[in-house]
Amino acid sequence: MSAYLGVMRAIMAREFLRFVHQRERFLAALVRPLVWLVVFAAGFRAALGLSIIPPYQTYITYETYIVPGLCAMVLLFNGMQSSLSLVYDREMGSMRLLLTSPFPRGWLLFCRLLGATLISVLQVYAFLGAAALFGVVLPGWGYVAVLPALIPAGLMLGALGLVLSSFIKQLENFAGVMNFVIFPMFFLSSALYPLWRMAESSRLLHDISAANPFTHAVELIRFAAHLQLNWGAFFWVLVWAAALGVLAIWAYDPGRALMRRKG
Amino acid sequence: MAELEVSGLSYRYGAKRALEEVSFAIPRGTFCALLGPNGAGKSTLVSLLTRLLVAPEGRIVLAGHDLRSAPRRALGALGVVFQQPTLDLSLTVRQNMAYFAALHGLPRKGLAARIDAALARLSMAERAGEKVGALNGGHRRRMELARALLHEPRVLLLDEPTVGLDAAARASIVAQVHDLADEGLSVLWTTHLTDEVRDSDRLLVLHQGRILADGITREVRGAQPLAEWFLAHTEAVA
């Protein structure tokens, strides 16, 4: 068992070291949601009225509304960043080192996923700290309560990144992921506007957004930040995390066709 | 008893045949050169031996452990140097070695001494604290070789390990790996360069996915220089 934990520690330490060496990645992860919070929200708050919806007990500012969505955005972009670095690892060859370890491939991938998720969570806290400096704060205990929501949400989005990395042949194809995965997931969700507003313009878009796993991640974080557990969102985040995790292990199975084309 | 046994190994990429009924066995302390032109199936064979791919047909046994039924033990007995570098350039030599050690489940206790010994064996001890990105190609290869020996494997697999190295670095790596075989390690060295093969080496010639020749090099080539023999046979069959 200690050998399994040793593998986990090593993979996570490597992820952390890489993260430390990529300061620009940290800055980008911090600046991106801050731009949305400070610039986008300033222009959008006048256009979008918000009614009192759970978990909020009163009227809130638009900035307060989008903070959970931006936390999830950090997780989403980091999940994709992790996917990108997996494709990079495969092109650079270091993926082979990981996959020829005697330990079960599922365990190796899980360790990689967990390491990437914890780094994402650190970045979310950095964002929440910066948001507080701009006057957008959570309830005091919300900073603690949000942690158990960030981890499963981060695992789910990281698992999505793993699955995508098994399908992406080359780094150059990553722009497609931005267009066909990140943007639709982010905009077709409750991150920037409540779903009832979406329903006013299109029932179909509302239904797609309601089914979007990213919406569940956002709502799980939103409720946790206000000291409530959204059981429905929690359930769906766990289901999606498990399903995507199983799919990632299947896609990385050496006997499967997806691996064969990579030689 | 052979340390590496391959029997009836076949593999296809869709309709394209990459390996066909490949069988061979490498005893302990043998330097075996796997010689083949580009596209012969060497990379596919390496991927199968390292379980990056799994063949539907055939059997691979490493140090007595079947790769299919006991992959952990089998891979634990195998050291690999891939053709493409598998190093983290932003980490130091020691950090790269420690990462590999953890991937192979080596205990942390005594690890520093083990890393020092492995590096010293390849005359790399003084490089332990340097970032891998700052090393030249020859030193990176030697570091990968030291790393592949860290878990004391019984079989060492090197996939065209001299690609991109200058003549001196090539000669040095070839000599060092021959020494390892003399010390008892079973070595499978894939290459398409005949000058890396010594007359006393065991020689496997792979061509169009099949084993074309298997024996001691001087016996296989007969009176011809190996380069001529190799060209004559691989071009004649092409």
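Quick rundown of the values:
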item: Cα-Cα pairs of the protein assembly as shown separated by more than 34 Å (percent); result: 45
item: Reference-scaled alpha-carbon Rg (2.2 N^0.38 Å with N residues) for region A:8-153; result: 1.22
item: Calculated P(r) of region B:43-96 - Cα pairs past 16 Å, %; result: 49
item: Cα-based Rg of region B:189-229 normalised by 2.2 N^0.38 Å, two decimals; result: 1.06
item: Exposure proxy ranking, count of Cβ atoms within 10 Å, fewest first, for A:Arg96, A:Arg18, B:Arg147; result: A:Arg18, A:Arg96, B:Arg147
item: Distance from region B:6-38 to region B:186-238 (C-alpha centre basis), Å; result: 13
item: Theoretical gain in end-to-end length, B:Ala112 to B:Lys16 [0.36 nm per residue, Cα-Cα removed]; result: 29.9 nm
item: Hz values of 3J(HN,Hα) by residue in region A:73-85 - Karplus curve (6.51, -1.76, 1.60), Gly and Pro given as x; result: 5, 4, 5, 5, 5, 6, x, 6, 4, 5, 4, 4, 6
item: Proxy reagent accessibility, fewest Cβ within 10 Å first, across B:Lys131, B:Lys109; result: B:Lys109, B:Lys131
item: Separation in nanometres of the label points that stand 7 Å from Cα toward Cβ, at A:Gln57 and A:Gln22; result: 4.2
item: Ellipsoid equivalent to region A:35-118 - semi-axes via the Cα gyration tensor, in Å; result: 41, 15, 7
item: Whole-number D in µm²/s for region A:2-254 (Stokes-Einstein; Kirkwood sum over Cα pairs; 4 °C, 1.567 mPa s); result: 69
item: MRE, 222 nm, helices only [DSSP H, n ≥ 4, -39500 (n - 2.57), over chain A, to nearest 500]; result: -23000 deg cm²/dmol
item: Positive minus negative residues near B:Thr30 (Lys, Arg vs Asp, Glu; Cβ under 14 Å); result: -3
item: Angle between chain B longest axis and helix B:137-148 axis [Cα atoms, degrees, rounded to 10]; result: 90
item: Nearest-0.05 FRET efficiency for A:Tyr4 and A:Ala130, computed from C-beta distance (R0 35 Å); result: 0.45
item: Helical contribution to [θ] at 222 nm, DSSP H n ≥ 4, -39,500 (n - 2.57), averaged over chain B, rounded to 500; result: -10000 deg cm²/dmol
item: Proportion of all alpha-carbon pairs of region B:45-145 beyond 24 Å (%); result: 32
item: Point-to-point label distance, B:Ala134-A:Met92, nm (Cα→Cβ direction, 7 Å offset); result: 1.8
item: Spatially close lysines, pair count over the protein assembly as shown: Cα under 26 Å, gap of eight or more or interchain; result: 7
item: Principal axis dimensions, largest first and in whole angstrom, of chain B by Cα; result: 51, 41, 34
item: Computed over region B:88-152: relative contact order in percent, which uses C-alpha pairs under 8 Å that are six or more apart; result: 48
item: Using distinct alpha-carbon pairs, which all enter the 1/r mean, Kirkwood radius of region B:88-152 in Å; result: 11.4
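All of the numbers you see were taken from the coordinates with simple rules; none came from a lab. All figures in this text were calculated on a predicted structure; none of them were measured in a lab. When we count neighbours, we look across all protein chains shown, and the Cβ atoms used for this are built from the backbone with ideal geometry, even at glycine.
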